[in-house]
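Asker: First, the structure itself, so that you have it in front of you.
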């Protein structure tokens, strides 16, 4: 379970999150929607441990552990995974080298044996086939020369291999065509389980047609201002966010 209590965050003296409260139960897929500038991406970065942000108050608990007391690598080892809106290209770092280093670093942190190269290749090939990733991409530097959709598939490949406890998808649908959206969504849905939670951040209903959420939360001015079921996303698609800008928090 992820519990966020009274989270207050600023960057360069600009307050972005203003006493945000959110709970995502184990096994739940929660969606966050909201207008530009409402703090959605900031929330994802703060959970993952991006250092640019100053936390003034509040807690972020993963299964009772206070993530704010942990470095980003420790949060990852504890089970946090963030799929970026704009995945980075890393010239000079081979994709397979990156995947092996990431998996084995987490396994080492959990006192698990490292994967051998054949074990890694088997896992990567199986997951890559499900995501329709061209094997030639695995021979390239990480994300270099990849299209937007290919980068997003690579993010979901990493998620499938790492098997995190809690997955954050920060506007994963951004830049995806219809076919890529389906493939990426199928990859996410294959990872849904009773022991894994998801926080899906998006502007648009179309992603939630493929990754159907259990709950939907509306975010505005750094707070959750309304929560409800999946039908709330349809309401937002039809009416926009005008009714929720700086609205008082409420539950459906």
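The values are calculated or read from the model by the stated rules, or taken from the named source; none is laboratory data. Computed from a prediction, not measured in an experiment: that's the story for all the values here. Glycine gets a Cβ as well: all are built from the backbone with ideal geometry, and neighbour counts include every protein chain shown.
Asker: Please determine whether any residue of the range 63-75 is in a loop (DSSP other than H, G, I, E, B) and over 23 Å from the mean Cα position of the chain (by Cα).
Answerer: No.
Asker: Return yes or no: is residue 129 loosely packed, with under 13 Cβ neighbours inside 10 Å, assigned to a helix (DSSP H, G or I) and on the phi < 0 side of the Ramachandran plot?
Answerer: When the stated conditions are applied, residue 129 passes them.
Asker: Run residue 141 past the list (1) surrounded by fewer than 20 Cβ atoms within 10 Å (Cβ to Cβ); (2) closer than 26 Å to residue 78 by Cα and report the number of the one that doesn't hold.
Answerer: (2)
Asker: Taking residue 192 as meeting all but one of (1) surrounded by fewer than 18 Cβ atoms within 10 Å (Cβ to Cβ); (2) at pLDDT 90 or above; (3) touching a helix residue (DSSP H, G or I) at 6+ places or on another chain (Cβ under 6 Å), write down the number of the exception.
Answerer: (3)
Asker: A further question follows. Would you pick out the residues in the range 98-118 that are surrounded by 13 or more Cβ atoms within 10 Å (Cβ to Cβ), assigned to a helix (DSSP H, G or I) and either without any contact (Cβ under 8 Å) to a residue 40 or more places away in the chain or more than 23 Å from the chain's Cα centre (by Cα) (or both)?
Answerer: 100, 104, 105, 107, 109 - these are the residues of the range 98-118 that are surrounded by 13 or more Cβ atoms within 10 Å (Cβ to Cβ), assigned to a helix (DSSP H, G or I) and either without any contact (Cβ under 8 Å) to a residue 40 or more places away in the chain or more than 23 Å from the chain's Cα centre (by Cα) (or both).
Asker: Can you confirm whether the range 166-173 contains a residue that is more than 30 Å from residue 14 (Cα to Cα), at pLDDT 90 or above and surrounded by 15 or more Cβ atoms within 10 Å (Cβ to Cβ)?
Answerer: Checked against the condition, which is being more than 30 Å from residue 14 (Cα to Cα), at pLDDT 90 or above and surrounded by 15 or more Cβ atoms within 10 Å (Cβ to Cβ), the range 166-173 yields no hits at all.
Asker: Next up: For the range 87-97, name all the residues that are under 21 Å from the mean Cα position of the chain (by Cα) and either part of a helix (DSSP H, G or I) or exposed (fewer than 13 other Cβ atoms within 10 Å of the Cβ) (or both).
Answerer: Across the range 87-97, the qualifying residues are 88, 95.
Asker: Continuing with the same structure: Determine whether residue 149 is farther than 23 Å from residue 125 by Cβ, touching a residue at least 24 places away in the same chain (Cβ under 8 Å), out of contact with any strand residue (DSSP E or B) (no Cβ under 8 Å at 6 or more places or on another chain) and surrounded by fewer than 20 Cβ atoms within 10 Å (Cβ to Cβ).
Answerer: no
Asker: Counting only residues that are under 15 Å from residue 226 (Cβ atoms) and either modelled with pLDDT of 95 or more or not in a loop (DSSP other than H, G, I, E, B) (or both), how many does the range 24-35 have?
Answerer: 4
Asker: Let me ask something additional. Across the range 36-62, which residue is nearest to the chain's Cα centre (by Cα) among those that are surrounded by fewer than 17 Cβ atoms within 10 Å (Cβ to Cβ) and part of a loop (DSSP other than H, G, I, E, B)?
Answerer: Checking each candidate, the answer is 50.
Asker: While we're on this one: Return yes or no: is residue 180 closer than 19 Å to residue 83 by Cα and under 16 Å from the mean Cα position of the chain (by Cα)?
Answerer: It is false that residue 180 is closer than 19 Å to residue 83 by Cα and under 16 Å from the mean Cα position of the chain (by Cα).
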